[in-house]
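Student: Sharing a structure here in structure tokens format.
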Amino acid sequence: MMTTLKTINNLINSARRDRLASCNAIQVLLDDLKDKSYSYNYKIDEIRCLSHLFFIHLKAIELAHFYSNIAVIDCTYNLNVSSAKDIR
């Protein structure tokens with residue numbers, strides 16, 4: 001049997017749906033961060049919604065200690081193509 005890209009995508013999407021069926025998306029994200037060696041912190045507001053999330057890979061912390069005079073911050077979440085041109 002030949003495996004196609006469509007078959008692989010279907011398996012991935014099925015596993016994702018199964019995972020989200022048992023937890024909410026934020027809990028799945030926090031579990032992934034923990035499983036993949038990220039340090040993270042978050043805040044929940046008064047109506048129990050996620051209001052802040054900070055995460056960093058442990059290797060990035062190690063590199064930050066070694067190269068302490070350099071800081072790179074990626075703030076490109078939810079940018080569209082036209083506004084991305086402004087930050088180049």
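The values are calculated or read from the model by the stated rules, or taken from the named source; none is laboratory data. Given the structure is predicted, the values throughout are model-derived calculations rather than measurements. Counting neighbours? That spans all protein chains shown, and the Cβs are built from the backbone with ideal geometry, glycine included.
Residues are listed down the side, and each one gets a yes or a no for (1) modelled with pLDDT under 85; (2) in contact with a strand residue (DSSP E or B) (Cβ under 9 Å, 6 or more places away or on another chain); (3) assigned by TED's automatic domain parsing to the domain that holds ARG19:
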| residue | (1), (2), (3) |
| --- | --- |
| ASP32 | no, yes, yes |
| LYS43 | no, yes, no |
| ILE47 | no, no, no |
| PHE55 | no, yes, no |
| GLU62 | no, no, no |
| ILE70 | yes, no, no |
| SER82 | yes, no, no |
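Student: Could you say whether any residue in the range 15-25 is in a helix (DSSP H, G or I) and acidic (Asp, Glu)?
Tutor: Checked the range 15-25: at least one residue is in a helix (DSSP H, G or I) and acidic (Asp, Glu).
Student: List the pairs whose first member sits in the range 37-60 and is in contact (Cβ under 8 Å) with a residue 40 or more places away in the chain and surrounded by 11 or more Cβ atoms within 10 Å (Cβ to Cβ), whose second member is among the aromatic types (Phe, Trp, Tyr) and assigned to a strand (DSSP E or B), and whose Cβ atoms are under 7 Å apart, counting only residues at least 6 apart or on separate chains?
Tutor: So the pair list comes out empty.
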